[in-house]
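The values are calculated or read from the model by the stated rules, or taken from the named source; none is laboratory data. Owing to the predicted nature of the structure, the values given are computational and were not obtained by experimental measurement. Glycine gets a Cβ as well: all are built from the backbone with ideal geometry, and neighbour counts include every protein chain shown.
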Amino acid sequence: MDKRQSIWEICKSIMLSGMLLGLGIGAACAGVIVDTDYVLKNKDKPGVVLVDARAASDYKKGLIPGAVVISDKPGAVVLRDVNARVLPVNTLEKILGDAGITRENEIIVYGAKGDTGPDVVFWILEYLGAEKAKVYHGGMDDWTTAKNHITNEARKLPAAKFTAKVRADLIATTDYVKKNLKNKDIQFIDSRTAKEHSGDDIRSVRGGNIAAVNQVSIPYESAWVDPETSTKLAEKKVDNRDGAALKAPEALKALYKGIDPNKEVVAYCQTGTRSTQTYAILRDMGYKKVRNYDDSWIIYGANPDLPANNVTYFDFVKVNAAMSKLDGLEKRIAALEPKK
C-alpha cells in the first residue's frame, strides 16, 4: 500500500469514533480511488465485482482472487475501437453483460500500478451510468507488495444484463469542445507531456494544444510521487512501479489548485487515455463536473480548421534527408557483410 491516505481510511476512522453512525453516509465515503485495504474488505461482498483490466499475457501470471476478466485483451482496448474511441453503447452493454457485470454492481477495476487502462474502464463505466464504479490505482503491484494471495483462475460469472443509463455529461465531443473554446467557465486540462503541449512533440497532423481561453497543462504523471517513473522503468533505472503511487491529498490539492471545483473540467490528451487518470483523480477529489475528451488531440490536431496554440508541423525536408542518410548507411553496412 502506498503512503497516500485514502478518503476511505479517513472515513473509517471517523466511523470508528461513532460520528457517522445513523447518518447513512458511510458508503459514500470510499471515494472512487480505493486502496488495498478497501479491496481486501469489499471484493468478496455480494454485488461487488472486481475486474482485472490487464491483457491475458499479464493476468495469466496471477490475478487477485475473485477477479473477473472482460477479455483476453486489455479492458481499455476491448471497450474502444481501433482508434481508441468508445464503442457504441449497445456493444458495450453486451461486452459487460457477457462478463456477468451489471450497472447496479459495485465495480472495482485494477491493473498495474499507475497504468491508465483501469482508468479508461472506470470512466467508461461511469459514462454508462454505473454509480458505484471504483479504481484500484495501486493494482497488482500494491496487492503483491502486501503479500496477499494471488491465483491463476479468473472468476466466471453467469451472463447478466447490463442496461446503460448514459451520462452524456461525462464525455466531451469535438463539437462540444469547439463550441466551448471561448467559454471561461469550462476549464481544459491538457494531460499530455509538456513537449506535446508546446508543439515540440508532434503526434498528429500538427503539434500544439487546443486554443481554449481557460486551459492549463498538467501532465497526468504530475500526480505521481515520482512523475519520472515511466521513463525510469523504460531506461531500467528502477525495477518497480512504486513511484507511480499518487501523491498525498494535500499535494494533489496543490497540483490542481488552479482548477475551480465548482466549474466544469474537460480533460484531454492524445487519445483520451491518459486524461482518464486525470478524470479519476479529480472525481476522487470531489469534482462533480468532469468530462473526458474522447477524440482528444489525435482528432482535434488533425483538423486544421480547429483553433490551436503553438502549432507546429513535421519538417519533411529534414525527415527525408535523415531517411536518405539512413538508407546510405544501410547500404554501406550491407557492403561490409561477407558474401555467402
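Quick check: is even one residue across segment 167-178 touching a Gly at 6+ places or on another chain (Cβ under 8 Å) and within 19 Å of Val32 (Cβ to Cβ)?
yes
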Taking only pairs six or more apart or across chains, which ones have beta-carbon atoms under 6 Å, a first residue in segment 45-64 that is closer than 24 Å to Glu106 by Cβ and assigned by TED's automatic domain parsing to the domain that holds Gly97, and a second residue that is among the small types (Gly, Ala, Ser) and surrounded by 15 or more Cβ atoms within 10 Å (Cβ to Cβ)?
Leu50/Gly66; Leu50/Ala67; Asp52/Ala67; Ala53/Gly75; Ala53/Gly111; Ala53/Gly117; Arg54/Gly111
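Do you know which of the residues in segment 38-67 that are part of a strand (DSSP E or B) and aliphatic (A, V, I, L, M) is farthest from Arg103 (Cα to Cα)?
This residue is Leu63.
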If you take the residues of segment 87-133 that are among the basic types (Lys, Arg) and farther than 30 Å from Lys232 by Cα, which of them is surrounded by the most Cβ atoms within 10 Å (Cβ to Cβ)?
Arg103
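Within segment 189-225, count every residue that is within 17 Å of the chain's Cα centre (by Cα) and assigned to a loop (DSSP other than H, G, I, E, B).
Here is the first cut: in segment 189-225, the residues within 17 Å of the chain's Cα centre (by Cα) are 189-193, 217-225.
Right, trim to assigned to a loop (DSSP other than H, G, I, E, B) and you get 191-193, 218-219, 225.
Number satisfying all stated conditions: 6.
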Inside segment 226-243, the number of residues satisfying the requirement of being surrounded by 12 or more Cβ atoms within 10 Å (Cβ to Cβ) and part of a helix (DSSP H, G or I) is 7
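I'd like to verify a number: residues in segment 97-124 that are polar (S, T, N, Q) and not in a loop (DSSP other than H, G, I, E, B), how many?
Number satisfying all stated conditions: 0.
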Scanning segment 75-96 for residues that are hydrophobic (A, V, I, L, M, F, W, C) and assigned to a helix (DSSP H, G or I), which turns out nearest to Trp123 (Cα to Cα)?
Ala76
Every pair of residues 6+ apart whose Cβ atoms lie under 8 Å, when the first sits in segment 161-175 and is in contact (Cβ under 8 Å) with a residue 24 or more places away in the chain and in a helix (DSSP H, G or I) while the second is polar (S, T, N, Q) and surrounded by 14 or more Cβ atoms within 10 Å (Cβ to Cβ)
Leu170/Asn292; Thr174/Asn303
